[in-house]
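Notes follow once the structure below has been shown.
The values are calculated or read from the model by the stated rules, or taken from the named source; none is laboratory data. In this text the structure is predicted, and so the values were computed from the model without any measurement. Virtual Cβ from ideal backbone geometry, glycine too; neighbours counted across all protein chains shown. All accessible areas refer to the heavy atoms of the entire protein, side chains included, with ligands and DNA or RNA removed. Shrake-Rupley method; radii C 1.70, N 1.55, O 1.52, S 1.80 Å.
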Amino acid sequence: MWFRILRSLRIRGESVRESGAFLLSDSNQRKISGYLLYDDIDPHALDSGIVDFNPALMGKVWEYCEHHSLKVVADIHTHPKGASIQQSELDKKNPVIPKPGYIAMIVPDYSENWFLTH
């Protein structure tokens, strides 16, 4: 699952822009059992080169989760090559889900160096 997620992020970002996804789990929340790419929910989320997910579309995420008996447990997004793997000021000011204890993961280098071409 981890490599599928990273590969999807790399493909969606086309090695030139950030991409991201919601990480989903079943009720036990012990492992990631699926993911929703931001631009599958918000077709314009990646247009500017950085992740800019429209929070008004979160209803689609909750509907998907309810239909599939899943929960959003974290999110993940990529940062450009050479950029910090720390949260940017924009990330800090605009959390995708502003909830204490919520996990937001950052993958460096547009997810390119996590595996070769697989």
Within the stretch 12-22, work out how many residues are hydrophobic (A, V, I, L, M, F, W, C) and buried (at least 20 other Cβ atoms within 10 Å of the Cβ). 2
Of the residues in the stretch 104-118, those that are assigned to a loop (DSSP other than H, G, I, E, B) and at pLDDT 75 or above come to Pro108
Since Tyr38 meets every condition but one in (1) more than 13 Å from the chain's Cα centre (by Cα); (2) open to solvent by less than 60 Å² (accessible area, probe 1.4 Å), which condition does it not meet? (1)
Filtered residues of the stretch 72-103 (kept if under 29 Å from Asn28 (Cα atoms) and crowded, with 16+ Cβ neighbours inside 10 Å): Val72, Val73, Ala74, Asp75, Ile76, His77, Thr78, Asp91, Val96
Condition first: open to solvent by 80 Å² or more (accessible area, probe 1.4 Å) and at pLDDT 95 or above. Now tell me which residues in the stretch 23-35 satisfy that. none
For Gly101, work out the one condition from (1) part of a loop (DSSP other than H, G, I, E, B); (2) under 17 Å from Leu46 (Cα atoms) it doesn't fulfil. (2)
Please state which of the following conditions Val96 fails to meet, knowing it meets all the rest: (1) farther than 19 Å from Phe3 by Cα; (2) free of Cβ contacts under 8 Å to residues at least 40 places away in the same chain. (2)
Heads up, the helices (runs of 4 or more DSSP H) in the stretch 1-85 (entirely inside) with at least 3 residues that are touching a strand residue (DSSP E or B) at 6+ places or on another chain (Cβ under 8 Å) are 2-13, 58-68
